[in-house]
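The values are calculated or read from the model by the stated rules, or taken from the named source; none is laboratory data. Just so you know, these numbers come straight off a predicted model, no measurement behind them. Cβ placement follows ideal geometry from the backbone for every residue including glycine, while neighbour counts extend to all protein chains displayed. Side chains included, ligands, DNA and RNA excluded: accessible areas come from the protein's heavy atoms. Shrake-Rupley method; radii C 1.70, N 1.55, O 1.52, S 1.80 Å.
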Amino acid sequence: MNLKSNEPFWLLKNGLIASYPSLKSNEECDVLVIGGGITGSLIAHQMVTEGYKTILIDKREICNGSTSATTSMLQYEIDVPLFELIEQIGEKGAVESYKACSDSIDTIEKLSKEIKSTSGFKRKKSLYYASKKKDVEWLKKEYKARKDAGFDVKWLESKDILKQFGFENTFGGILSKQGASIDAFKFSHELFKLNEKEGLQIFDKTEMTKVEYFKGYNLVTVDSGFEIKAKKIIYCIGYESKNLIKENFVNLKSTYAIVSEIDHDKFKNITNTLVWNTDEPYMYMRTTDDGRLLIGGGDEDFYDAEKRDNLLDKKEKEILKTLKKIKPDYHFYTDFVWAGTFGETKDGLPYIGDHKNFKNSYFVLGFGGNGITFSVTGMEMASQFMKGKKHLLSRYFKFGR
Ligand SMILES: Cc1cc2nc3c(=O)[nH]c(=O)nc-3n(C[C@H](O)[C@H](O)[C@H](O)COP(=O)(O)OP(=O)(O)OC[C@H]3O[C@@H](n4cnc5c(N)ncnc54)[C@H](O)[C@@H]3O)c2cc1C
């Protein structure tokens, strides 16, 4: 599967941070983590910290899947509004899912301090504004649901949004205290390097091609023919899980992002805020730690890579048109435009759990706009799986729900 177009910003900004050998011998381990993106880096970190002999493989270079294309906003807000999620799965599951994403932001902050990360983690507020008058009614309902659930939120009228952020033509919105942004590509690389020193064995350009199940272990064959005997497998293979799991559990789409030239002055009133709106598909933006404005959106309901990449120019214009509505005076000088595959689930929640067709195995698949925060929740869930325990969120994130 082709997961991204050329020129995703993080890959160009950071270059090839690290490269690892491919597998050239048969190996044994407690846990085999398949997939070396942000999810695999977090799960491997958890496993190594808990003392498991861990191997990680990736068929590409490390972090060259969706993790290089992400826009890395860290939000407690899920793509499905809280009040709607409550209607779909009940109050307990919905509020716990929102809280898990909120806790994940704290966990990433803690972890990035612990490892002395230079990946630009920055705490930010989050503004969710109504782009049409008709959206105000449900957005106020959403505001109330979040307030009732204990989240630190404020309702801003359009004049407050104009004053604080300089955005025209909005119809009010929710300002949340909890949010952050990071360079997930760099952060994952940092985690891999650190855990390699702690014993994690990393093999890139190593594709899992076959799994056989035996009593007490799995035998994984990779593309070069070598084998890994692993007591457990944790699949962190992102959107390519669609090729492995036969049932229809995620809709793959295409999404777009653009990044401006550096201009510390022009974007200063939103440096501390993530912004998204109620358009369908929604437009969202954040600044980067090197002083650029990053805007995403323009989602399309297909994932054909050629068709996706042919739309890059059109999507850039479309995204800039939306920006013009709220910032008519901005001139956005585009430096990079890229596209990526994106996964959407029926309830905006991830798939984290075991699957009846895969013995001794666990999946951590963080889909939607909260892919990264869900992957952080997956650390604790995978840890419970290794101990044979069920996590509180398992029933909401499981396959076949
Ligand atoms: C444009 C864009 C914007 C986004 N914005 C946000 C955002 O603001 N916030 C947010 O939280 N999320 C966002 N997301 C989603 C987020 O990027 C993803 O959830 C996240 O990157 C997924 O990471 P991952 O490690 O699970 O997958 P990946 O980074 O794709 O890693 C999976 C790895 O598995 C490997 N693999 C697959 N099959 C095999 C196999 N058989 N053998 C060996 N290796 C294999 C692949 O090579 C790949 O490297 C965005 C995504 C895109 C595309």
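For (1) crowded, with 23+ Cβ neighbours inside 10 Å; (2) on the phi > 0 side of the Ramachandran plot; (3) modelled with pLDDT of 95 or more, each residue gets a yes or a no:
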| residue | (1), (2), (3) |
| --- | --- |
| 328 | no, no, no |
| 348 | no, yes, yes |
| 352 | yes, no, yes |
| 355 | no, no, yes |
| 364 | yes, no, yes |
| 368 | no, yes, no |
Legend entry - Residues of the stretch 1-23 satisfying the condition of being aromatic (Phe, Trp, Tyr) and within 18 Å of the chain's Cα centre (by Cα): 9, 10
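Residue by residue, here is whether (1) more than 23 Å from residue 287 (Cβ to Cβ); (2) within 16 Å of the ligand (Cβ to nearest atom); (3) of a type in the set (D, E, K, R) holds:
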site	(1), (2), (3)
64	yes, yes, no
76	no, yes, no
86	yes, no, no
125	no, yes, yes
134	yes, no, yes
140	yes, no, yes
160	no, no, yes
Inset, instruction - Collect the residues in the stretch 35-48 that are open to solvent by less than 10 Å² (accessible area, probe 1.4 Å) and out of contact with any Cys (no Cβ under 6 Å at 6 or more places or on another chain), keeping them in residue-number order. - result: 36, 41, 42, 44, 47
Inset, instruction - Would you please name the residue that is least open to solvent (accessible area, probe 1.4 Å), looking only at residues in the stretch 212-239 that are in contact (Cβ under 8 Å) with a residue 60 or more places away in the chain and more than 23 Å from residue 379 (Cα to Cα)? - result: 222
Inset, instruction - Take residue 296 and decide whether it is part of a strand (DSSP E or B) and among the small types (Gly, Ala, Ser). - result: yes
Legend entry - Top-ranked residue in the stretch 114-139 [being open to solvent by 40 Å² or more (accessible area, probe 1.4 Å) and hydrophobic (A, V, I, L, M, F, W, C); ranked as nearest to residue 87 (Cα to Cα)]: 138
